[in-house]
Amino acid sequence: MAAGARRAVYPLFQRGGPQLRIFRPNFFMLAVRPGVPQPEDTVQFRVSMEMTKLDIRNYLERIYNVPVAAVRTRIQYGANNKRNHRNQRVKKPDYKVAYVQLGQGQTFQFPNLFPEKEQDSETRSFDDFRDKYMEKEKQKQEGDPRRGGVPDWFGL
């Protein structure tokens, strides 16, 4: 260490004393849109493999003040069917999924990030033009109904 640089020394944690340090959890929780419909009071998270049910409950209740009724977890095994350039199997990592049932009267609706926009007259007219054009092309490809199903390339 250089002569001028000193290492920061924090005071020891003492109960009732001033808290100078912030303790952040070393976990992550990612809200995931469920693949199958869930009840309105259930939220699906992708969580760290080291998190337990109690960790998940405390994380949500203490940090985000969300009442939690129940926590269910499962481990999703990663796919093992891909191969790399040396023809060696490549496995995707496993991950843990948590289903959190919220407290009494709480509901969760996953946000609609890409809502349908109302079409203005310009795009509506373009869509009409495209539909008419596609209809004409289909009629061209259908062929002459008088030929009785014989294709055009087969000359009569």
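What translational diffusion coefficient, to the nearest whole µm²/s, does region 79-135 have by Stokes-Einstein, given a Kirkwood radius computed over alpha-carbon pairs, a temperature of 20 °C and 1.002 mPa s viscosity?
119 µm²/s
Send over a whole-number figure in Å² for the accessible area per residue of region 36-156, probe 1.4 Å.
Value returned for region 36-156: 85 Å² of accessible area per residue.
Helix-derived [θ] at 222 nm for the chain: sum -39500 (n - 2.57) over DSSP H runs of at least 4, divide by residue count, nearest 500?
Calculated from helices alone, the mean residue ellipticity at 222 nm is -6000 deg cm²/dmol.
Helix 121-142 against the longest principal axis of the chain: what's the angle in degrees, Cα atoms only, rounded to the nearest 10?
It works out to around 50 degrees.
Take the solvent-accessible surface of the protein heavy atoms, probe 1.4 Å, and return the percent of it on the chain that carbon and sulfur atoms account for.
Heavy-atom surface of the chain belonging to carbon and sulfur, 1.4 Å probe: 52 percent.
Using a Förster radius of 41 Å, what is the FRET efficiency between ILE75 and ARG15 based on their Cβ-Cβ separation? Nearest 0.05, please.
Computed FRET efficiency for ILE75 and ARG15 comes out at 0.65.
Among THR123, GLN104, PRO151, whose Cα sits farthest toward the positive end of the charge dipole of the chain (+1 at Cβ of Lys/Arg, -1 at Cβ of Asp/Glu, about the Cα centre)?
Checked the options; the winner is GLN104.
State the extension gain, in nm to one decimal, for the chain segment bounded by TYR133 and ASN87, taking 0.36 nm per residue of separation less the distance between their alpha-carbons.
11.8 nm
Go through 86-95, 35-44, 48-57 and give me the packing order, highest mean Cβ count within 10 Å leading.
Going from most to least packed, we get 48-57, 35-44, 86-95.
Classify region 57-156 from the C-alpha gyration tensor, please: rounded if a/c falls under 1.5, else prolate or oblate depending on whether a/b exceeds b/c.
Oblate, because a/c is 1.5 or more while a/b does not exceed b/c.
Give me, ordered by chain and number, the residues 5 or more places off VAL68 or on other chains with an amide H under 5 Å from its own placed amide H.
Correct list: GLY103.
If one computes the Cα centroid of region 39-69 and of region 91-130, what distance in Å separates the two points?
If we compute the Cα centre of each part, the gap is 22 Å.
The values are calculated or read from the model by the stated rules, or taken from the named source; none is laboratory data. Predicted model, so just to flag it, every value in this text is computed and none were measured. Ideal geometry is used to build each Cβ from the backbone, glycine not excepted, and the neighbour counts take in all protein chains shown. SASA here: full protein model, heavy atoms, side chains in, ligands and nucleic acids out. Shrake-Rupley method; radii C 1.70, N 1.55, O 1.52, S 1.80 Å.
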